[in-house]
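Colleague: Structure incoming, see below.
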Amino acid sequence: MYAGSPLCESASAHTHSHSIGSPLFPTRNPRVRRRTMPPPPPVLLDELIEEVLLRIPPDEPACLFRASAVCKPWRRILAGRRFRRRYREFHGTPPILGLFHQRVRFVPTSALLPAHSGLPDWFAMDCRHGRALFAHIGDDEKTLDLIVLDPVTGHQRRVPWPHDDWAKCSAAVLCAAQGCHHHSCQDGHFFVAFVVTKKKKVSLGWLYSSETRMWSNLNSLHHSNVKFTNDFGESSVLLGDALYFNGGRIMECQLGTLRLSSFEKPIDRYGILMIAEDGGLGFAAVVDVTNLTLWSREAGPEGAMGWTPLRVIDLKMLLPDVDLSIKSFKTTEYIPTFGGAVYEFPCPRVSGFAEGTHVIFVTTSVGSYMVDLKTGRASKVSDPGRLFFPFMSFYIPAMEAASTGEGQ
């Protein structure tokens, strides 16, 4: 097209007829601001995100699962060894994730589903430092094997039984590492302590090491004035370098010297050993139907050790909606050495204690309750049960670290 031709003139005229200011090209009002997209939110530093994730409550492992699904950077932080170590150190005492009822049944108190919670013919004996201890009793009720189980991974170790008379025995499992904080030591070496009280009123004890795979003998103990009871599988408390077993008398097992001794309970009725508020050995029992009484073992004016009442708690205040007038409950669950098919136990009764906490378990005729003695809070966790062993552990889900790319 040549300049000056009719077609060029027509195009030029058409162009000028739609100049700026025409309806097709309106003039912009200088008073109207141009719309802009809001700025992106500031990027949180990984260090700040980690501080937030550290504060996720450990008693609900599912929260860590959900947090890991938010984005790849969060998943990468949660998968790191640094976070896992800091998470355990930040929270200190491992949370209660569930309970082992003596007849093995696992009672969850969180969303944790253990990889292995025992078998029907196993009998729960203890639970400590991320490990559970069970007794496997032969069909003839003359043989006994002990099993140490990591409920999270399902890994188990069988321990040979040390004595031919186990009818009135108790056992405990604990970490064998010196100076361990017990936050994540389930895979390390362990000890199993085993005590037996015979009808001749002689107590014997042994200590098993998973490192040497051998039992060491404790000294025998004669106590002619002890009341002989069916105390199979009673609970224990670890305090310093000593294990204390509940029974007709309290048995003290010094782990360093392999020395066995005993002393009386504060009251001649069923109760639970615990850690007292002052950090010493304590005892809890229900007295006069509804009075939960706490004792502490202390040195008297002349240095002799004895029991001192600390306080009395009215169970009617802790459990206001529970009928405490019914004084027994029945169970058909098999309990070695008790005989019969139906067992009846007095209640209310203290049925467990969580080491390192202020939590005890109280069983009534309508159920078992987890009670925090510090806050006064109580919640029902199970049907009535004779004895419970809390499973306490940090459960941080195993996950692969996400890639360091930009993708979410």
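Colleague: If I go through segment 350-375 residue by residue, how many of them are at pLDDT below 90 and either at positive phi or in a strand (DSSP E or B) (or both)?
Modeller: Looking only at that region, the number is 2.
Colleague: Looking only at residues in segment 132-178 that are small (G, A, S) and over 20 Å from C253 (Cβ atoms), which one is modelled with the highest pLDDT? Steps first, answer last, please.
Modeller: Within segment 132-178, the first condition is being small (G, A, S), and the residues that meet it are 132, 135, 138, 154, 167, 170-172, 176-177.
Subsequent filtering for residues that are over 20 Å from C253 (Cβ atoms) retains 138, 154.
On the way: G138: 69, G154: 88.
Out of the qualifying residues, it is G154.
Colleague: Another question, then. Residues that are at pLDDT below 90, under 26 Å from L174 (Cα atoms) and buried (at least 16 other Cβ atoms within 10 Å of the Cβ): does segment 61-75 have at least one?
Modeller: yes
Colleague: Moving on to the next point. Going through segment 250-264 one residue at a time, which ones are surrounded by 17 or more Cβ atoms within 10 Å (Cβ to Cβ), touching a Lys or Arg at 6+ places or on another chain (Cβ under 7 Å) and not aliphatic (A, V, I, L, M)?
Modeller: Once the filter is applied, which keeps residues that are surrounded by 17 or more Cβ atoms within 10 Å (Cβ to Cβ), touching a Lys or Arg at 6+ places or on another chain (Cβ under 7 Å) and not aliphatic (A, V, I, L, M), segment 250-264 yields only S262.
Colleague: Do you know which residues across segment 85-124 are at pLDDT 85 or above and of a type in the set (A, V, I, L, M)?
Modeller: Answer for segment 85-124, where residues must be at pLDDT 85 or above and of a type in the set (A, V, I, L, M): I96, L97, L99, V107, A124.
Colleague: Select from segment 342-361 the residues that are within 13 Å of I272 (Cα to Cα) and polar (S, T, N, Q) and list them in ascending order.
Modeller: Within segment 342-361, just S351 meets the criteria.
The values are calculated or read from the model by the stated rules, or taken from the named source; none is laboratory data. Here the structure is a predicted model, which is why all the values come from computation and not from measurement. Ideal geometry is used to build each Cβ from the backbone, glycine not excepted, and the neighbour counts take in all protein chains shown.
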